[in-house]
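Have a look at the structure below before the remarks.
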Amino acid sequence: MAQQQIVVSVLGCGIMGSAIARRSQHMGLHTIAWDRNFERARKVGEGVEPVEHLLGAVNKADVVVTMLADAGAVLSVMDEHRGIDAMKEGAAWVQMATIGLRGIMKAEQIALQRSDVVFVDAPVSGTKGPAEHGQLVILASGDESKVPQAVHALFRAIGQRTVWFGPVGRGTRMKLVMNAWLAALMEGLAETLTVADSLDISAQEFEQVIAGGPLAPAWAIAKLHKIEAGETKDTEFPLKWADKDVHLALDAVKETKPRSLPELESIAEAWDRAVAQGLGDYDASAAYLALQTSR
Ligand code: NAP
């Protein structure tokens, strides 16, 4: 008997949702795309099925992926607009956006309204390129023993690795740790290149000295190239979401084991200003641009 094709529905056709949908389709999963702006869903890519109405996108899926901007967007779609009610019996809701501790707890509460639905907290490490090429690292948490095969198939399609961390919330915790690290690297690079510029040392000269050594993480070098090429408008990870994630990490520390985090706090202030200046939709590497107009 022919095996039934797995149906994945990706809610949110922004940078990451579109890339995940394209990869999922490319790897043989029937993939539906939904966005509140239907034009975006229509443009995701050949073979991906755009569906205009939320409930129609959700009710066919074995796996519903939420890859929306923030906790507010995820809760609006799944709770206020009742995406949760439309899910098929036995389907899984895989929450992949970065929504913080409170956000993931609220999402879990919504999922619990459906005892026949499996909820997986699965934020991802990696950006647009890795998503397109199946190279994401999936930071999964939830009851692994109940996770349907369709979820594993999706994770194999879009990820190079899935790491399971235990109960719901642990994946989100790890994601906040990862993005605190990323923010420190980003602002550190932006300020280092600004020091270099003041001292008439080019980014290229600096790179030559650190290349291949322990002071040259590949991610930071890629961002250095982006800054050097003047391509910070070519967005992989929007500065506004990097800023959101710094705030989510600070909030999470406040709510769990409060301590002062001078660097993250000052990054949050600097990036809030950069977003207010209109750099929020630029890539996170625009943290460098923000410094060029600061005094
Ligand atoms: P994005 O390009 O800005 O896309 C955001 C999506 O959310 C869009 O589809 C947008 O819809 C939708 N949305 C926003 N508010 C909404 C609302 N109230 N109701 C319904 N839909 C709403 O963002 P992204 O870069 O794909 O990131 C998505 C999430 O993944 C964020 O939490 C981000 O922090 C996280 N993340 C991003 C990266 C990355 O490298 N970009 C990597 C890992 C994790 P419209 O099309 O209508 O605006």
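Before moving on, here are some points about what is shown:
- Ligands, DNA and RNA are left out, and with a 1.4 angstrom probe the accessible area of the chain is 49 Å² per residue.
- Protection-proxy order for peptides 16-22, 79-85, 59-65, each taking the mean of Cβ atoms within 10 Å per residue, highest first: 16-22, 59-65, 79-85
- Mean ellipticity per residue at 222 nm, deg cm²/dmol - from DSSP H runs of n ≥ 4 across the chain, formula -39500 (n - 2.57): -14500 deg cm²/dmol
- Label positions at W219 and V163, each projected 7 Å from the Cα along the C-beta direction, are separated by 1.1 nm.
- Considering only beta bridges that DSSP places wholly inside the chain, some 15 percent are antiparallel.
- Simple point charges give the picture: +1 on the Cβ of Lys and Arg, -1 on the Cβ of Asp and Glu, and for the chain a dipole about the Cα centre of about 720 debye.
- Karplus-derived 3J(HN,Hα), 6.51/-1.76/1.60, for each residue of the stretch 64-69, Hz, glycine and proline x: 9, 9, 9, 10, 9, 4
- Angstrom value of the Kirkwood radius, inverse mean 1/r, which spans all Cα pairs in the stretch 172-293: 14.8 Å
- With the gyration tensor restricted to C-alpha atoms of the chain, the semi-axes of the equivalent ellipsoid amount to 35, 21, 17 Å, longest first.
- Selection among S141, L248, G278 by position relative to the dipole of the chain gives S141 as farthest towards the positive end (Cβ unit charges, Cα centre).
- Evaluated at q = 0.19 Å⁻¹: base-10 log I(q)/I(0), Debye formula over Cα of the stretch 7-167: -1.18
- Counting protein heavy atoms only, the chain has 52 percent of its accessible area on carbon and sulfur, 1.4 angstrom probe.
- Separation of the alpha carbons by more than 20 angstrom is noted, of K175/K257; K146/K175; K128/K226; K128/K240; K146/K257; K128/K223, for K146/K175; K146/K257.
The values are calculated or read from the model by the stated rules, or taken from the named source; none is laboratory data. Small disclaimer: the values here were computed from a predicted structure and weren't measured. Cβ sites come from the backbone with ideal geometry, for glycine too, and all protein chains shown count toward neighbours. Only protein heavy atoms, including side chains, enter the accessible area calculation; ligands, DNA and RNA are left aside. Shrake-Rupley method; radii C 1.70, N 1.55, O 1.52, S 1.80 Å.
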